[in-house]
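Take this structure, written in structure tokens, and hold onto it; I'll ask about it next.
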Amino acid sequence: MSMYYTYILLSSKSHIFYFGSTKNIKERLKLHNTGQVLSTKPHLPWKLVWYCAFETEKQARDFELYLKSGSGKSFAYKRFVSVALAKDFKEGRKSSPKSTRSKSEG
């Protein structure tokens, strides 16, 4: 059975979050970190801070879209990335998190 993933990345350079979904999380992270994803290329390198597996592509995509909404971002920051944020603040973050939008890859 194939799984589909929704994930959150954190840029070590610009301290922004990126929300995405994919069928192959390892390959997708590699694409982000080798500059092959235009929307994330300026913010290299990226760290995977959270992911979740779903049975269908629609479920993963729908959850990605929810996380990109205002209430979804609040939920994600509070429940999924609070540890990453705490560490990031210790390492130099000066303001609240921002996110970039992604086009889902199948």
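For a quick check of your reading: which helices (runs of 4 or more DSSP H) sit entirely within the chain and have at least 1 residues that are among the charged types (D, E, K, R) and modelled with pLDDT under 95? Can you show your working first?
On the way: elements: 25-33, 57-67, 70-79, 82-90.
In the chain, the matching helices (runs of 4 or more DSSP H) lie at 70-79, 82-90.
May I pose another question? Can you tell me which residue is surrounded by the fewest Cβ atoms within 10 Å (Cβ to Cβ) among those in the stretch 26-39 that are in contact with a strand residue (DSSP E or B) (Cβ under 7 Å, 6 or more places away or on another chain) and either of a type in the set (A, V, I, L, M) or without any contact (Cβ under 8 Å) to a residue 60 or more places away in the chain (or both)?
Taking the stretch 26-39 first, the residues in contact with a strand residue (DSSP E or B) (Cβ under 7 Å, 6 or more places away or on another chain) are 28-29, 32-33, 39.
Restricting the remaining residues to those that are either of a type in the set (A, V, I, L, M) or without any contact (Cβ under 8 Å) to a residue 60 or more places away in the chain (or both) gives 29, 32-33.
Values: Leu29: 19, His32: 25, Asn33: 17.
That would be Asn33.
Pull up the stretch 40-71, narrow it to residues that are small (Gly, Ala, Ser) and in contact (Cβ under 8 Å) with a residue 24 or more places away in the chain, then point me to the one that is surrounded by the most Cβ atoms within 10 Å (Cβ to Cβ). First the steps, then the outcome.
At the first step, the residues of the stretch 40-71 found to be small (Gly, Ala, Ser) are 53, 60, 69-71.
If we keep only those that are in contact (Cβ under 8 Å) with a residue 24 or more places away in the chain too, we end up with 53, 60.
Values: Ala53: 12, Ala60: 25.
For the stretch 40-71, the residue satisfying everything is Ala60.
Search the stretch 11-24 for residues that are among the aliphatic types (A, V, I, L, M) and pair each with any residue that is surrounded by 15 or more Cβ atoms within 10 Å (Cβ to Cβ) when their beta-carbon atoms are under 8 Å apart and the residues are at least 6 apart or on different chains.
Listed pairs, sorted by first residue: Ile16/Leu10; Ile16/His43; Ile16/Pro97; Ile16/Ser99; Ile16/Thr100.
The values are calculated or read from the model by the stated rules, or taken from the named source; none is laboratory data. From a predicted model like this one, the values you see are computed outputs, not experimental measurements. Cβ atoms come from the backbone with ideal geometry, glycine included; neighbour counts cover every protein chain shown.
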